[in-house]
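Report on the following structure.
The values are calculated or read from the model by the stated rules, or taken from the named source; none is laboratory data. Fair warning: this is a prediction, and the values are worked out from it, not measured in the lab. Don't worry about glycine lacking a Cβ; one is built from the backbone with ideal geometry, like all the others, and counts go over all protein chains shown.
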Amino acid sequence: MAKMWAGRTAGNTDQIADDFNSSIHFDSRLYREDITGSMAHASMLKKQNIIPAAAADHIIAGLSEILADLESGELEIDETCEDIHMFVEQVLTERIGEEGKMLHTARSRNDQVALDMRMYMRKKVNEIITLVRGLTEVLADSAEKYKDVILPGYTHLQRAQPVYFGHHLLAYAMMLIRDTSRLQDALKRMDESPIGACALAGTTYDTDRVYEAELLGFSGVCANSLDAVSDRDFCLETLSALSILMMHLSRFSEEIILWSSWEFRFVELSDAYTTGSSIMPQKKNSDMAELVRGKTGRVYGDLMGLLTVMKGIPLAYNKDMQEDKEPVFDAIDTVIMCLKVFTPMIATMNVHPENMMKAAQGGFINATDLADYMVTKGLPFRSAYKISGQIVAECIKTGQVLETLPLETYKKYWDQFEEDLYEAIDLKNAADRRNSLGGTSRESIAKQIELIREKLK
Ligand code: ARG
């Protein structure tokens, strides 16, 4: 088929060059944005008397039919077209004739594609924010539900101090709140319209960029035409925010995988979010969590890929920039898919408080509290620390735990131990005493939940 841009050359590109150059097999998903953008463009051309009003009306009616036919499946994307922009314009001209050829007045595919991408990403980033909010809500609800469940908090993956499970879940909720704010921040800078920058330098026509931007729901316009067509910061910022979000989901996944193992048995995922093994009948694998962890690599790759594409491009538009689409689409699709499976996986997960408690009791994570008890009775901390250590050593040797070690045994190490020591080393008491701002106490958890619900409003 003859190229729409045939002019200086006859447009007889080799088939292999055509295939290499064309982007329609991945940018066809921009058809809605492309058509909506073109309708706004035609309205602006009409208002400014750049094209006849009747022609503009025919263009707008034609475009809206094309959109309806694409949505209904009546019209199929022609993959032999170079890109979605060429396809829409070609179908329009086939349908309404010569007037269709007026649409591309005072614009270029360079500002057109930049506009389409901003509109598409704006929609998708909002969709992601909604999904992240859904997960954050699940975490806040679960934190409330499991606010009395103690598990060992870890450092170096060694049992360290008792924490409430709710506190642990809320740590992830805080990360998600930051993810949301990063995405909202990216939306702010995405909210400038590039259309009207034309190929690179603006135009001689008396256009109204602000009007066109308003029609398309942008708060402002890109102030420099060269920047407008060559900026892909909004893609990179989004990819970067998505990479950090995936890093959070990946860390969480790693914990879910660990907790689901027989060694931990802190949680059991619902059958709906696990798989079996084709050979080992006893298996229940956390494939969804593993895939989320694995797909994090793809999203990082998308970010690194596009950063690398952009690093050597002189102003303004260069065809390299067509390479923005696949990584952006891949990252967006991946994150949406991950969130859609991750959220219900967490919401339906079975928690085993008894196993968490057992692990909390087995690790002497209240040894610090035992030492603190002696300090409150007048012993210097270093001496108390030493006695507490000796008692732990005896427990390890005899297979006992601090909570049930008889008082006589305690007294062997320090004669001032009393009955009240058991209250001091009770795991829940120990956790509730960590009532500093942001600490693990139930009072602090309630405040954190309130904070998160406030932010979710
Ligand atoms: N398919 C192209 C892209 O995605 C559209 C812009 C083409 N512009 C041009 N001057 N060749 O970047």
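Every condition in (1) closer than 30 Å to Ile257 by Cα; (2) surrounded by 14 or more Cβ atoms within 10 Å (Cβ to Cβ) holds for Val375 except the one numbered (1). Here Tyr317 clears all of (1) more than 30 Å from Asp141 (Cα to Cα); (2) surrounded by fewer than 16 Cβ atoms within 10 Å (Cβ to Cβ) except the condition numbered (2). Do we find a residue being of a type in the set (A, V, I, L, M, F, W, C), surrounded by 11 or more Cβ atoms within 10 Å (Cβ to Cβ), within 18 Å of Ile84 (Cβ to Cβ) and within 16 Å of the ligand (Cβ to nearest atom) anywhere in segment 31-54? Scanning segment 31-54 turns up at least one residue that is of a type in the set (A, V, I, L, M, F, W, C), surrounded by 11 or more Cβ atoms within 10 Å (Cβ to Cβ), within 18 Å of Ile84 (Cβ to Cβ) and within 16 Å of the ligand (Cβ to nearest atom).
Would you say Ser250 is closer than 28 Å to Val125 by Cα, touching a Leu at 6+ places or on another chain (Cβ under 6 Å) and hydroxyl-bearing (Ser, Thr, Tyr)? It is false that Ser250 is closer than 28 Å to Val125 by Cα, touching a Leu at 6+ places or on another chain (Cβ under 6 Å) and hydroxyl-bearing (Ser, Thr, Tyr). Picking from residues in segment 302-332 that are touching a Leu at 6+ places or on another chain (Cβ under 8 Å) and small (Gly, Ala, Ser), the one that is farthest from the ligand (Cβ to nearest atom) is Ala331. The residue that is nearest to Gly100 (Cα to Cα), counting only those in segment 1-19 that are in a helix (DSSP H, G or I) and within 14 Å of the ligand (Cβ to nearest atom), is Asp18. Is it the case that segment 67-85 has a residue that's at positive phi and within 33 Å of the chain's Cα centre (by Cα)? Yes, that holds for at least one residue. Given the residues Arg109, Arg118, Arg95, which is the only one that is within 16 Å of the ligand (Cβ to nearest atom), farther than 30 Å from Ile452 by Cα and among the basic types (Lys, Arg)? Exactly one of Arg109, Arg118, Arg95 is within 16 Å of the ligand (Cβ to nearest atom), farther than 30 Å from Ile452 by Cα and among the basic types (Lys, Arg), namely Arg109. When segment 185-211 is filtered for residues that are more than 26 Å from the chain's Cα centre (by Cα) and within 17 Å of Tyr120 (Cβ to Cβ), only Ile195 remains.
Annotation note: of Phe342, Phe364, the sole residue that is surrounded by 15 or more Cβ atoms within 10 Å (Cβ to Cβ) and under 30 Å from Thr130 (Cβ atoms) is Phe342. All of Asp34, Asp57 fail the test of being free of Cβ contacts under 8 Å to residues at least 12 places away in the same chain and either in a helix (DSSP H, G or I) or in contact with a Ser or Thr (Cβ under 9 Å, 6 or more places away or on another chain) (or both), apart from Asp57. Looking at Ala201, Ala186, Ala213, just one residue is without any contact (Cβ under 8 Å) to a residue 40 or more places away in the chain, surrounded by 21 or more Cβ atoms within 10 Å (Cβ to Cβ), among the hydrophobic types (A, V, I, L, M, F, W, C) and more than 30 Å from Arg433 (Cα to Cα), and that residue is Ala213. Determine, yes or no, whether His156 is within 16 Å of the ligand (Cβ to nearest atom), without any contact (Cβ under 8 Å) to a residue 60 or more places away in the chain and more than 23 Å from the chain's Cα centre (by Cα). So His156 fails the test.
For segment 347-358, the criterion of being polar (S, T, N, Q), modelled with pLDDT of 95 or more, out of contact with any strand residue (DSSP E or B) (no Cβ under 6 Å at 6 or more places or on another chain) and closer than 26 Å to Glu254 by Cα is met by at least one residue.
When restricted to residues that are buried (at least 22 other Cβ atoms within 10 Å of the Cβ) and assigned to a helix (DSSP H, G or I), segment 67-85 contains 2.
Which members of segment 37-54 meet the condition of being over 19 Å from Leu215 (Cα atoms) and assigned to a helix (DSSP H, G or I)? Scanning segment 37-54 gives a single hit, Ala54.
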